[in-house]
1. Looking at (1) open to solvent by less than 50 Å² (accessible area, probe 1.4 Å); (2) part of a loop (DSSP other than H, G, I, E, B), which is the only condition Leu100 fails?
2. I need every pair where a residue in region 120-140 that is among the β-branched types (Val, Ile, Thr) and modelled with pLDDT under 85 has its Cβ under 8 Å from the Cβ of a residue that is part of a loop (DSSP other than H, G, I, E, B) and surrounded by 11 or more Cβ atoms within 10 Å (Cβ to Cβ), sequence separation at least 6 or different chains.
3. Is it true that some residue in region 77-95 is surrounded by 11 or more Cβ atoms within 10 Å (Cβ to Cβ) and within 20 Å of Lys15 (Cα to Cα)?
4. Could you check region 36-72 and list, in sequence order, the residues that are loosely packed, with under 13 Cβ neighbours inside 10 Å and in contact with a Pro (Cβ under 7 Å, 6 or more places away or on another chain)?
5. Are any of the residues in region 107-122 assigned to a helix (DSSP H, G or I), over 13 Å from the mean Cα position of the chain (by Cα) and over 22 Å from Ile17 (Cα atoms)?
6. Identify, please: which residue in region 7-35 is modelled with pLDDT under 90 and in a strand (DSSP E or B) and is, among those, most open to solvent (accessible area, probe 1.4 Å)?
7. Can you tell me which residues in region 59-85 are in contact with a Lys or Arg (Cβ under 8 Å, 6 or more places away or on another chain) and within 18 Å of Gln126 (Cβ to Cβ)?
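The values are calculated or read from the model by the stated rules, or taken from the named source; none is laboratory data. Since we're looking at a predicted model, the values are computed, not measured. Counting neighbours? That spans all protein chains shown, and the Cβs are built from the backbone with ideal geometry, glycine included. Keep in mind that these areas ignore ligands, DNA and RNA; they rest on the heavy atoms of the full protein, side chains included. Shrake-Rupley method; radii C 1.70, N 1.55, O 1.52, S 1.80 Å.
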Amino acid sequence: YVFLACIKESNSGGKSIISNCIKIFNELKKKDPNSLKTLMSKYYFERRGFNFKSKIFSKPIFELKENDLRFRYLREYIETAYKIKKKKMPKNKIIALNKLDELLTNKKFQKRFKLSTGDIVIFNNQFLSHGRTKFKINKNSSQRALMRVWVN
């Protein structure tokens, strides 16, 4: 789970975006099963912020575990992992990531909302992805601040 707490909202922009990955999974299943199959194969991911022996691990982006959908995706971490491994990402994996990015940014699968100071949102990041829109900081006031906590 992810807990997001708004300590200080931005002056403009900075809307939170939650994308429903179950709906995206079903859309791919119906309209692009090849991309879905590829996204269910293993990709390299970079580990950041953790002290593990290996800086790279491999995992599918979409995974069905005991009939529960699991979703893991940060394109930057994937691309960096392939660079660290000195491996070229296969073309079919790049095509599948591009399709996934297209769906994640489609408003049909999103909820957008502005967190105000004091607001907290809690969501299951096993099947919901999160991001935000661009935001501006007024140099004459304090900066936007969100606190994020991951809980297993």
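1. (2)
2. What qualifies is Ile137/Ser10; Ile137/Asn11; Ile137/Gln143; Ile137/Arg144.
3. There is no residue in region 77-95 that is surrounded by 11 or more Cβ atoms within 10 Å (Cβ to Cβ) and within 20 Å of Lys15 (Cα to Cα).
4. Within region 36-72, just Lys42 meets the criteria.
5. no
6. Of everything passing the filter in region 7-35, Ile7 is most open to solvent (accessible area, probe 1.4 Å).
7. Lys59, Pro60, Ile61, Phe62, Glu63, Leu64, Arg72, Tyr77
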